[in-house]
Structures are given as structure tokens and as C-alpha cells.
Amino acid sequence: MASSNYQLVIIGGGPAGLAAGLYAARARLNVILLEKGIPGGQVLVTDWIDNYPGFPEGIAGFELIERMTEQVKRFGLEIQNVEVLHLDLSKPVKTILLEGGDTITCQALIIATGARPNQLGVPGETDLTGKGISYCATCDAPFFRDQEITVVGGGDTAIQEAIYLTKFARLVTVIHRRDALRATRVIQEKAFANDRIKFLWNSEVTRIFGKGGVEGVEVRDTQGKLSIIPVQGVFIFIGIKPNNSFVPKEEIETDHWGFIVTDSEMQTKTIGVMAAGDIRSKKIRQVVTAVGEGAIATLSAEEYLNRL
Amino acid sequence: MAGENVLQVTDADFDPQVIKADLPTLVDFWAPWCGPCKAIAPVVNELAAEYAGRVKMCKMNVDENPATPGKYGIRAIPTLILFKGGKVVDQIVGAVGKTQLIALIGKAL
């Protein structure tokens, strides 16, 4: 199996990883970025971004990523499409095991693998994903034109996407575990004023069913009463979880949910290993914060490399 | 959006082009409004060139061709379905990388 060495390895090609890569390539570090899918991460499935400075008209998530990728390529950043399986951080030279068995060694490492949507974990969910169950309204909404669907969740994403889905669906039922929404007040007001949105409070989805496609959901209320709602689509927005399957918990400190703990310089408990973007344990997760953290992580890595 | 090795198929010619195709055939179901579909398109084009003569690569615009996506229960894009001898071998939903697509194609070779 082949092995190669770099000064710096960046894992993850979303905004944090691409910003880290931009700074590293411009610093002329011997660097590679590893991405298991297509660069972009969660931004790729974000329809429109209005809060990224420099784009007064807003920009499509896909286009923002395309521009970021073009920019790092201009400075010669090497990007490899491969999944990381395991990290060995026990020695100063870190070893990264890749799918297929190859390894990469490096002096400094930036983990920027981000997060992915939480699943409900109910029967039917895995089988019907892509067949009526979706975690991305902008990807799949037009398939539900004039149909009845549900949105599961009560946060900003859930309510914003419920409003977006009413452009297509005839009726959107928001199913929420509590009796009030967590979403920002302006978003709530918009949703309450929309007559295509109905709310089902104090209720949890217990099962999603259908043959070849979603036909309905089973819901349990806080009193334990079960009911069936016939719908053709289920959109699930119940938070995110970190992409951390390859992170050794003994060597990298994580919080209760598995997000990586760093100091303000993006340095983890293991010297020479930084983390940036949504994978970090923090409160605010925005594209604009992710790119800032990516830049800081590379500058910290550079400082570390200079001390070696 | 199709590269020179990727064939645009429609509801009308899906049967002769895909179901009755001699080669294993990968169909990329996409739409112009879908960002992840645009992201995956260059990867499909690259693979079409690399697998020319061994695997047939097709694209279908789901906005213009509702019947076929309906028949295969597609309600998310990009969806890539691999066919061999008229039967579905396997499928992937979402914008995955080149290595995952190579693994998918490998199931029909």
C-alpha cells in the first residue's frame, strides 16, 4: 500500500476546509485536502445564501462552492476524492488511514469534516429515503407539487424549509415534539401567517410507511395516543450530528454530542491537530464563521510547523 | 449539460436506450434547479470518457420527463440508477464523489 507525506493535511472540503486550503496553498505549504464526496458539504444543498458578505444579491449555495473551489485551484491546492477511515495521532508524525488501505503521514492536521442532518431513527426511514423522505427541501421540493407533506422539527431550518415547501406542496403539516417553536420570531410569524402550514404540537413521528414511496406517517402525542397522517413526503430537520467516525476519542476531546473541542486558535488537545467549521463544539454554525475558522486553523498550523 | 460521452435520454426513448441497451447503463436523473446535480455532472462526464465502450452513461431531465422517474419512485435528485439487462442493479441518491460512483458501476461489470 502506498504512503505519502505532507506538512499539512486538511480533511473535509466544505467552506472551512476550502478556506484552510486557500491559506495553506498561498503559504506554499506542502498540503493536500481530502474530501470523501464532492467539495461543498452542507452548502451544496443550500438553495440560496443571503448572509455571506460580498454578494449583495445573494448567491446559490452551489455557485458559492464552485467559486471557492476555483479559487483554491488557482493557487494549486491538491484535492483528493477519498474517505478517511482512521487517524493515528500517538506520535508527532500523524498517520491517516484511507479507504483502500493507503496511508498519508503529516506534521499538522486540520479536521473540517462538518456535520450532517440527524435522522429520526424510526422504522421505514432508511428504506424510504429518496422515495419521499428527504433532508433537503431545495433538492427535492419540486417532486411534491400539489401534494400533502410533513415537516418534522421546530427550529429555524425546519420552519424556514416548511415555508419554502409551500411554494410546491398543497399542505405542509409541521410535526413538533413541544408546544412552541424554537425558530427565530420573524420566521415563526411568517409560518403562522401561511395558510398552507398546519401545526401538530406535542407529537412525535414513530413510523414512516409506504410501498415503493411514502404513503404516511404514524404519530404519537404526549398522551401516548397514536394516529396516522396520510402524506406523500416527509422532510426531516431535527438538527445535525458531527462527521467524526474516524476521530480517535482518546486523543481528541469531544463534547457530549461528539463535536471537537478547540481553543480560540482552533487547536485541539492534541498538539498539531486543529479543527474548523461545523465539526467544532460551538454555538454558531454559519458559512461565514466556518471560513474564518478555516483561515485561523491554517495560520495556527503554520505557526506549529515553524516551531518544529 | 451532457458531455459528448453522455447521452440525454427521454421518456420516449428510455426503453430502447436504457432497458434494451447492450451495455450496463448508468442513468443520472437531474434537473436544472438542482445544485448538487450540477456539482455531480462533471464527475459523470469524466466517468463516461473513462468507461467508454464498457458502460453507457445517460442523463434524464426529470422536469421534461416525468414518466420514468415516477416509474422508478424517484423523489430526490440527483439519483443515479445502474441498469443491466433492463434490470436495476443498484442506485445512489445524492451528490457523491467519483470513488463511490466507480464502486456503483463496478457492480455491473
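The values are calculated or read from the model by the stated rules, or taken from the named source; none is laboratory data. From a predicted model like this one, the values you see are computed outputs, not experimental measurements. Cβ placement follows ideal geometry from the backbone for every residue including glycine, while neighbour counts extend to all protein chains displayed. Note: areas computed on protein heavy atoms with side chains; ligands, DNA, RNA excluded. Shrake-Rupley method; radii C 1.70, N 1.55, O 1.52, S 1.80 Å.
Quick notes
- Accessible surface of chain B, 1.4 Å probe, proportion on carbon and sulfur as whole %: 54
- Of the residues in region A:133-150, those shielded by at least 30 Å² of accessible area once partner protein chains are present, compared with the chain alone at a 1.4 Å probe, are A:C139, A:D140, A:P142, A:F143.
- Restricting region B:1-73 to GluC sites (Glu not before Pro) in coil, as DSSP defines it, with at most 12 other Cβ within 10 Å: B:E4, B:E64
- Ranked by solvent-accessible area (1.4 Å probe, protein heavy atoms only, all chains present), the residues B:M60, A:M68, A:M1 order from largest to smallest as A:M1, A:M68, B:M60.
- Interface residues of region B:65-98, defined as those with an accessible-area decrease of at least 50 Å² between the chain by itself and the complete set of protein chains (probe 1.4 Å), are B:R75.
- Solvent-accessible surface ranking, highest first, for A:I296, A:I38 at 1.4 angstrom: A:I296, A:I38
- In this simple spin-label model, placing a label point 7 Å from the Cα along the Cα-to-Cβ direction at both A:R178 and A:S281 gives a separation of 2.3 nm.
- Of the listed residues A:T113, A:T150, the order by accessible area with a 1.4 Å probe, largest first, is A:T113, A:T150.
- Across region A:119-236, C-alpha contacts under 8 Å between residues 6 or more apart give a mean separation that, scaled by the residue count, equals a relative contact order of 32 percent.
- Note, ³J(HN,Hα) from phi for region A:10-24, Karplus 6.51, -1.76, 1.60, rounded to Hz, x at Gly and Pro: 10, 9, x, x, x, x, 5, x, 5, 5, 4, x, 4, 5, 5
- For region A:7-145, the carbon plus sulfur part of the accessible surface works out to 49%, probe radius 1.4 Å.
- Paired Rg and Dmax values of region A:225-308, which use every Cα atom, in angstrom: 17.7, 63
- Interface burial in region A:58-81, defined as at least 50 Å² less accessible area with all protein chains than with the chain alone at a 1.4 Å probe, covers A:F62, A:N81.
- Residue among A:K225, A:K94, A:K190 with the largest mean-square fluctuation in a Gaussian network model of chain A, springs linking Cα atoms under 10 Å: A:K225
- Association of chains B and A removes close to 1700 square angstrom of accessible area from solvent, both sides included, for a probe radius of 1.4 Å.
- For chain B, share of DSSP beta bridges that run antiparallel, in % to the nearest 5: 55
- If you model region B:6-106 as an ellipsoid using its alpha carbon gyration tensor, with each semi-axis the square root of five times an eigenvalue, the axes come out at 17, 17, 12 Å, biggest first.
- Across chain B, Cα pairs under 8 Å and at least six residues apart give a relative contact order of 35 percent.
- Candidates A:P53, A:P248, A:P92: whichever shows maximal mean-square fluctuation once chain A is modelled as a Gaussian network with Cα springs under 10 Å: A:P53
- B:D13/A:R196 FRET efficiency (R0 41 Å; Cβ-Cβ; nearest 0.05): 0.60
- Accessible area per residue in Å² at 1.4 Å probe, computed on the protein assembly as shown: 46
- Under 23 Å from B:K84, Cα to Cα: lysines that are on another chain or at least 8 residues apart: A:K131, B:K20, B:K56, B:K59, B:K71, B:K98, B:K107
- Amide H partners (placed H, <5 Å) of A:I49, local residues excluded: A:I59, A:A60, A:G61
- Between helix A:156-165 and chain A: long-axis angle, C-alpha atoms, 0 to 90°, nearest 10: 60
- Alpha carbon Rg of chain A, scaled by the compact-globule rule 2.2 N^0.38 Å: 1.10
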